[in-house]
Amino acid sequence: MRRWLSRLAWLLVLVPCLTLPLYVGQYLAHLAVMVLFFAYLGVAWNILGGYAGQFSFGHAAFFGLGAFTSTLLHLHWGLSPWLGMLLAGVVGVLVGLFCGFLSFRYGLRGPYFALVMLAFAEMLRLLFETWMAYRYPLGLPIPLQGTSLAAFQFRDKRVYYYVVLLMLAGATALCAWLARSKTGTYWQAIRDNEEAAEALGVNAFAYKLLAMAISGGLTAMGGTFYAQYFLTLEANEVFGVQISVEILLSAIIGGAGTVLGPLVGALALQLLAEATRVYVRAFSGFDLMVYGAILIVVILFLPQGLLEGLRRAGLALRRAAGAA
Amino acid sequence: MPLLALSGVTKTFGGLTAVKALSFAVEEGEIVGLIGPNGSGKTTVFNLITGFLAPDGGDLTFAGRRLVGLKPHQICRLGVGRTFQLVQPFHRLSVLDNVRVGAFRGTADPRQATAVAEAILEEVGLAAKKAFLPPSLTLAERKRLELARALATGPRLLLLDEVMAGLTPTETAEMIAFIRRLHRRGLTLLIIEHVMQAVMALSQRLVVLHHGEKICEGPPQEVARDPQVIRAYLGEEAASA
């Protein structure tokens, strides 16, 4: 019975997810792409920040590098952005290892690590802004080709929907598998108490590097998707603090260190952002103030995230049903 | 060859010498008690053995291998397990997962690690609480969890840092019985303990530290009569009385 119920629940989630593009227009498709896209980035951040407990405040570094890697390779060597996405992943892994080595080698933890990552992203932002101003003062001339599978360009947003759905499914499956494996268990041990983990045979340095590599690689691949979806690239945007914050918000609001947290968080945040944008229009910027106020309330009352809130609500309901 | 050997180990913190030219050995299959008044350097010795601190001088070997320069996780992998004086659970992991962390030292297979962890929880009497989070355990249970985690790594030598502090007499008796069982199974133990009755009952040999120096070593009965030990614990008058 229980098994059957859980299968039914999966069907109820999967079927609408897979068929959504059949009955929505471009606007809702775009909204759905944004939800899935930020869920994907949240999953990538969550591996490092939620599981391994290393709070990165500069994931825009990976994101921007990924976006530029595939785009520049496409511009200069005509390399398909699909391959570019893989290479972006490789760049993300290598940069993750580099940043991780520098930070963890010197024992940076907590806020210090967060600040180093922020500084690193800001450094890259300035570097790329300057380089762009000198090399491409009019912006990157990405050749628009309408709909072309090889060029990773589609007029119809619903195609992007399936691409990002697949990326999210892959990343979530990877995260779920890792969470139950030795690697995920070691990450969580490091997050909760690094010294105790070391005493139990955990090579904290190596496992933190591994988390950086995976998280960085996935985030960089997200950068490629972003570049192909919007087909414009601004250094101050893709390396900006705004992106770093948005990446970590969906994981934290949804529930850091849980497999489904980033999905729940991205859904809530994107819908909230869109709703305030559409319905709250007293004056310019007012929607952002409302958005921020709601965020503060959620963090104050559900510090463990929405998923934990839902779980508790479910328990309370079951108890109430049992008592009745 | 002794399982664990310290020779001339020295550790200073700034101007303070925490451990001074300390030498002693633990043979395979022994239970050795490390005792001394508060601040005599016992926990520092544990931190030196397990690689959390690096000695300023002297040498440490385990089964013939030099420990100096190795990281804590490497020393654990050689077969040295430890508990912490202040329990250090992974507070967001369940009791079972806490022990699985240790069990993953011997296997990469999650199911096997779970099986090992469950068997050990059964042994320490925490099986019923395997789904609990550590903050909801009593102190005695948290001490047993600490012990279970270290055991799950499959050590040859286990260092216990005050596992009986704060326990009731009944809980202390249970812990003594459990440590005896571990010893009968072939585990070598080095224990720091303030509960004198427990450490006297368990240890075959005692090493007494005072201000970081070894002032006495021998069987518990002899050590208890040693005037230097009495002086260290009770003061000058008691020794001359």
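The values are calculated or read from the model by the stated rules, or taken from the named source; none is laboratory data. Since this is a predicted model, take the numbers as computed values, not measurements. Here the Cβ positions follow ideal geometry from the backbone for every residue, glycine too, while neighbour counts run over all protein chains shown. Keep in mind that these areas ignore ligands, DNA and RNA; they rest on the heavy atoms of the full protein, side chains included. Shrake-Rupley method; radii C 1.70, N 1.55, O 1.52, S 1.80 Å.
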_Rounded to the nearest 20 debye, dipole of the protein assembly as shown from Cβ charges on Lys, Arg, Asp, Glu_ = 1340 debye
*Rh by Kirkwood over Cα pairs, then Stokes-Einstein D for the stretch B:91-152 at 0.692 mPa s and 37 °C, µm²/s*: 297 µm²/s
*What full-extension length gain, to one decimal in nm, is calculated for B:Leu16 and B:Ala131 as 0.36 nm per residue of separation minus the Cα-Cα distance?*
36.9 nm
*Point-charge dipole on Cβ atoms (K/R +1, D/E -1) for the stretch B:91-152, about Cα centre, debye to 20*: 180 debye
_Interface A:B - total buried accessible surface [probe 1.4 Å, Å², rounded to 100]_ = 2000 Å²
_Tell me the mean residue ellipticity at 222 nm calculated for chain B from its helices only (DSSP H runs of n ≥ 4, each -39500 (n - 2.57), averaged over every residue, nearest 500)._
-11500 deg cm²/dmol
_Only protein chains counted, 1.4 angstrom probe. Which residues of the stretch A:194-240 are at least 20 Å² less accessible in the assembly than when their chain is isolated?_
A:Glu195, A:Ala196, A:Glu198, A:Ala199, A:Leu200, A:Gly201, A:Asn203
_Inside 10 Å of the C-beta atoms of B:76-87, what's the mean count of C-beta atoms belonging to other chains?_
2
*When the accessible area of the stretch A:43-152 is split by element with a 1.4 Å probe, what percent falls to carbon and sulfur?*
74 percent
*Per residue and in Å³, how big is the convex hull formed by the alpha-carbon atoms of the stretch A:65-209?*
140 Å³
*Where does the longest stretch of chain A lie that holds no trypsin sites (Lys or Arg not before Pro) found in a DSSP loop with 12 or fewer other Cβ atoms within 10 Å?*
A:1-154
*Binned Cα-Cα distances of chain B, short to long, each 10 Å bin given as a whole percent*: 8, 31, 36, 20, 5, 1, 0
_With only alpha-carbon pairs counted, each pair once and no self-pairs, how large is the Kirkwood hydrodynamic radius of the stretch A:1-86 in angstroms?_
16.2 Å
*Mind running the shape call on the stretch A:25-323? Use the C-alpha gyration tensor, a ≥ b ≥ c as the square roots of the eigenvalues: rounded below 1.5 for a/c, prolate if a/b tops b/c, oblate otherwise.*
oblate
_Residue-averaged [θ]222 nm for chain A, counting only DSSP H segments that reach four residues, each worth -39500 (n - 2.57)_ = -25500 deg cm²/dmol
*Summarise the accessible area of the stretch B:91-152 (1.4 Å probe, protein heavy atoms) by the percent that is carbon and sulfur.*
55 percent
*Taking 0.36 nm per intervening residue step and subtracting the Cα-Cα distance, what contour gain separates A:Arg3 from A:Ala176 on full extension?*
60.4 nm
*List the residues of the stretch B:31-75 whose accessible area drops by at least 30 Å² when all protein chains are present, compared with their chain alone, using a 1.4 Å probe and counting only protein heavy atoms.*
B:Phe52, B:His73
*Given the options A:Leu36, A:Leu12, A:Leu149, which has the most mean-square fluctuation in a GNM of chain A, springs set between C-alpha atoms less than 10 angstrom apart?*
A:Leu12
_More than 41 angstrom separation, counting every C-alpha pair in the protein assembly as shown; what % is that?_
38 percent
*Per residue value of the accessible surface for the protein assembly as shown (all protein chains in place, 1.4 Å probe), Å²*: 46 Å²
